[in-house]
Amino acid sequence: MTSAEAVPPAPILELVALHKNFGPLKVLDGIDLAVRPRELVFVIGPSGSGKSTLLRCCNRLEEPDSGAVIVDGADIMRPGTDLNAVRQKIGMVFQSFNLYPHMTALGNVTLALRKVQGLARDAAEARGRAALAQVGLADKENSYPNALSGGQQQRVGIARALALGPKIVLFDEPTSALDPELVGSVLAVMRELKAAGMTMVVVSHELAFARAAADRVVFMEGGRIVEQGSPEAIFGNPREARTRAFVSRLSQGHG
Amino acid sequence: MDNGLERLVFAFFNAEIAAAWAPKILEGMWVTILVSLAVVATGLALGLALAALRAYRIGPVDVAIVAFVDILRALPPLVVIIILFFAFPYLDLPMSAFTATWLSLSLVLAAFAEEIWWAGILAVPRGQWEAARSTGLGFGATLGYVVLPQAVRMTVPPLVNRVIAVTKGTALGSVVALSEIVSQASSAASLAGNPTPLTLGAAAYLAIFVPVVVLGRWLETRFAWKR
Amino acid sequence: MAEILDTFFNIEILLRVLPFILEGLGMTLLLCAITVPIGLAGGLAVAWVWSLKKRYVNWALVVYVDFFRAFPPLVLLIFVYFGLPFVGVDLSPFAAVAIAFLLNASSYYGEIFRAGIESVPHGQWEAARASGLSRFQTMRYVVLPQATRNVLPDLIGNTLEVVKLTTIASVVALGELLHAARLAQSLVYNPTPIVAAALIYLALLWPAVRLLRHFEHRHLVAR
């Protein structure tokens, strides 16, 4: 395991035959996906294709019906798994930010550091400040969410995930709720993260960002992975007709 | 006309009688404040505990809590006080007037507070739970640090109104001879043969509760929820 | 268990005091039939005066409402019933209760109606006045129906409180349900009458509590 240079590195996150039904609806219908270290996997697909559910199954915010979710070598579906410990390794960024409105930016970022990782206030705040600085909000640590713009709120959301020192960060449509002029600041932070070597899974409609930053694009429809490949392959020369139709619709929609 | 006014002043604002009975009314005021504080502390603590417990959604516990809340919302507080004071001694559980009043009103306040806070917990968006759980906070920690603080804050106005309404009910303690303001004032009035002690009693209530009502109005604006 | 039942729910005793209790229930229902309408009418009057938006009048209304929010209704009743005779105004228990409830309940109902009227968009006033309706007609036919629907849960909640509050009439020896039950209890030296009264209150008011719960939850879902 230590001579990782010789063989391809083990995936940080691996989904095996993942199934999830909402009543009669098959939201995830046998997903297999492996995310390797430092990789940015970009997930696209029509609404209702199961993208968000896929992300939410990775840290079991949503319970998969069957299949395996292997994080850093351990199947977290196994009974007796300490989920709260696993979730320290998986950061998550939400579409609607979900910042705690009764806490400052720093309070949002340090809560889990103090209450789950058990850091003393000083140590937690030092790490929280570093995380806020990383997203360019060092001067906003005492601001409450309602005093921040949407873009700033989402960057605090990213800092909250980063502060825990995760091995992978999941982004669930991180810019969909933002006014267009605020999207850039969030994407810039994500680009920096990628450059710094963070492993990321991103569900989004920002195709330009995918072209520039993604290592792999996954197209989902009807709870299955229809096609995956490099951004050039998926956007330039998709094999499947469904992928082509979706990609052309999406690029038109975004000018 | 003049004569009527004189009579009114003599009856309700008799300085001599007021001076004579003021110490009794002050004693009653002290008891009223003591019971009120005890009721607020116990009632709110129990209400919060029940609301938190209900968040765990354990079937039989839920049913028990809902039944408790329904019964204490439907029963007049005076009936609860009288049951505890007059009926429990038959079980060899005699209660002092203080205990009966305090316990009854605490239970009533707890029932209302539980319902208000539970509504608040339900009103906290799901995303708050998910964000907290995604950072590894457990159910209890999420409830305690993330959800309850928001639920409590957004329910300040109805809660303040309810706290005022229930603590005013300490006057009902007079029915079981708790020596609070009403008891002291009405026995003083009949001993003095003059209603001035009643005026004093009314003034004592205003002295206690007007500040609370004003504080309540201030709290309502202070905690008006911004998102 | 049998012993507890024998003490708290003694059928024999219950049957003996039942006519008495039922008479008390009748008085309680009569009290409700009087106090709720006068409270509502007083509340509407308060809200109407408030809607005229006369600055000093409205300050006076805030004082009026806060005064009765701070004043225990029992104290009010005692003041009216035991105090007024000293200045030559002798009231029957029933009249004393009616006056006390008019003052107390109208301030609460008034606040509720005020909030309801405030919740109706200003455009409704303008549209109605533009069509030639008078102030009163606008209030009566356009604003109040919407306002009432908006605050219906609060109105029901307050009515529940008013009904529960009729128990304080027992203090001025008005023979309502609680008073009858206490009298019966002291006669038979057994708590069954009080337990029976409690059960009657529960049966009477539990549906209102359920209804309120339904409203509260619907309100939350609507958010």
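The values are calculated or read from the model by the stated rules, or taken from the named source; none is laboratory data. Computed from a prediction, not measured in an experiment: that's the story for all the values here. Heads up, the Cβs are rebuilt from the backbone with ideal geometry, glycines too, and the neighbour counts pull from every protein chain shown. Note: areas computed on protein heavy atoms with side chains; ligands, DNA, RNA excluded. Shrake-Rupley method; radii C 1.70, N 1.55, O 1.52, S 1.80 Å.
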Original post:
Using a cut-off of 25 Å between alpha-carbon atoms, which lysines can reach B:K24, once sequence neighbours fewer than 8 places away in the same chain are excluded?
Top reply: B:K168
Original post:
Per residue, how much accessible area does the protein assembly as shown have with a 1.4 Å probe, in Å²?
Top reply: 44 Å²
Subject >> Mean Cβ count within 10 Å, highest first, over the residues of peptides B:201-210, C:109-118 >> reply: C:109-118, B:201-210
Original post:
Relative contact order, percent, of chain A when contacts are C-alpha pairs under 8 Å separated by at least 6 residues?
Top reply: 25 percent
Original post:
Per-residue mean of other chain beta-carbon atoms within 10 angstrom of the beta-carbon, peptide C:29-36?
Top reply: 0
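Can I get the semi-axes of region A:60-130's equivalent ellipsoid? Compute them from the C-alpha gyration tensor as square roots of 5 times the eigenvalues, in angstrom, largest first.
In descending order the semi-axes read 27, 16, 9 Å.
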**OP:** Consider just the alpha-carbon atoms of region C:46-128 and return their Rg together with their Dmax, both in angstrom.
**Re:** 16.3, 53
**OP:** Post the alpha-carbon centroid distance, region B:189-216 to region C:93-138, in whole angstrom.
**Re:** 30 Å
Subject >> Accessible surface, 1.4 Å probe, highest first, among residues A:C57, C:C32 >> reply: C:C32, A:C57
Subject >> Solvent-accessible surface (1.4 angstrom probe) belonging to C:M139, in square angstrom, nearest 10 >> reply: 10 Å²
Original post:
For B:164-172, what's the mean count of beta carbons from other chains sitting within 10 Å of each residue's beta carbon?
Top reply: 4
Original post:
What size of dipole, in debye to the nearest 20, comes out for the protein assembly as shown about its Cα centre when the only charges are +1 on Lys and Arg C-beta atoms and -1 on Asp and Glu C-beta atoms?
Top reply: 1600 debye
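If you take each beta carbon of peptide B:78-89 and count the beta carbons of other chains within 10 angstrom, what is the mean?
5
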Subject >> Check: chain C dipole with +1 on Lys, Arg Cβ and -1 on Asp, Glu Cβ, in debye >> reply: 1020 debye
Original post:
Please identify the trypsin sites (Lys or Arg not before Pro) of region A:16-117 that satisfy two criteria: DSSP loop assignment and at most 16 other Cβ atoms within 10 Å. Which are they?
Top reply: A:R38
Subject >> Most positive-pole-ward Cα, A:S66, A:Q228, A:Q154, against dipole of chain A from beta carbon charges >> reply: A:Q154
Subject >> Of B:L172, B:L53, B:A74, farthest towards positive along the dipole that unit charges on Lys, Arg, Asp, Glu beta carbons give chain B >> reply: B:L53
**OP:** Using only protein heavy atoms and a 1.4 Å probe, report how much of C:H214 is accessible, in Å² to the nearest 10.
**Re:** 100 Å²
Subject >> Principal axis box of chain C, alpha-carbon based, largest edge first, Å >> reply: 70, 52, 27
Original post:
When only the heavy atoms of the protein chains count and the probe is 1.4 Å, how do B:E130, A:E192 rank by accessible area, highest first?
Top reply: A:E192, B:E130
Subject >> Dipole of region C:100-223, positive end: most advanced residue of C:W206, C:V163, C:Q185 [Cβ charges, Cα centre] >> reply: C:W206
Subject >> Rounded Å value of the spacing that divides the Cα centres of region C:172-202 and region A:111-138 >> reply: 62 Å
Original post:
C:V57 versus C:V188, label points 7 Å from Cα toward the beta carbon: distance in nm?
Top reply: 5.4 nm
Original post:
Largest first, what is the accessible-area ranking of A:R242, B:R162, A:R249 with a 1.4 Å probe?
Top reply: A:R249, A:R242, B:R162
Original post:
What residues have an amide H closer than 5 Å to that of A:V43, excluding those fewer than 5 places away on the same chain, when H is modeled at 1.01 Å from N in the peptide plane?
Top reply: A:V202, A:V203, A:S204, A:V218
Original post:
Within chain B, which complete DSSP H helices have Cα atoms spanning at least 30 Å along the helix axis and a mean Kyte-Doolittle hydropathy of 1.6 or higher?
Top reply: none
**OP:** May I ask you to derive the relative contact order of region A:112-255, considering only C-alpha pairs under 8 Å and at least 6 residues apart, and to give it as an integer percent?
**Re:** 15 percent
Subject >> Residues with amide H under 5 Å from that of A:E227, placed H, sequence gap 5 or more >> reply: A:F219
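Using the scaling law 2.2 N^0.38 Å as the reference, what is the normalised Cα Rg of chain B?
Chain B yields a ratio of 1.27.
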Original post:
With no solvent and one point per C-alpha, what does the Debye sum give as log10 I(q)/I(0) for the protein assembly as shown at q = 0.10 Å⁻¹?
Top reply: -1.01
**OP:** Kindly compute the accessible surface that chains A and B hide from a 1.4 Å probe when together, both sides summed, and give it to the nearest 100 Å².
**Re:** 1800 Å²
**OP:** May I ask which of A:K89/A:K115; A:K20/A:K51; A:K20/A:K89; A:K20/A:K167; A:K26/A:K51; A:K167/A:K194 have a Cα-Cα span longer than 20 Å here?
**Re:** A:K20/A:K89; A:K20/A:K167
Original post:
With charges set only on the Cβ (+1 for Lys and Arg, -1 for Asp and Glu), what does the dipole of region B:21-222 come to about its Cα centre, in debye to the nearest 20?
Top reply: 460 debye
Original post:
Between the helical axis of C:152-165 and the dominant principal axis of chain C, each derived from Cα atoms, what acute angle in degrees is found, rounded to the nearest 10?
Top reply: 40 degrees
Subject >> Percent of beta bridges antiparallel (DSSP, the protein assembly as shown, rounded to nearest 5) >> reply: 55 percent
Original post:
How high is the relative contact order of chain C, in percent, counting Cα pairs under 8 Å that sit 6 or more residues apart?
Top reply: 32 percent
Subject >> Scattering curve values for region C:107-223, log₁₀ I(q)/I(0), Debye with Cα scatterers, q = 0.10, 0.13, 0.19 Å⁻¹ >> reply: -0.50, -0.70, -1.00
**OP:** Give the carbon-plus-sulfur fraction of the accessible surface of region B:1-134 in %, rounded to a whole number; probe 1.4 Å, heavy atoms of protein chains only.
**Re:** 75 percent
Original post:
Expressed in whole Å with the largest first, what are the equivalent ellipsoid semi-axes of region A:150-227 derived from the C-alpha gyration tensor as the square root of 5 times each eigenvalue?
Top reply: 20, 16, 12
**OP:** Nearest 100 Å² is fine: how much accessible area is buried between C and B, summed over both sides, with a 1.4 Å probe?
**Re:** 4300 Å²
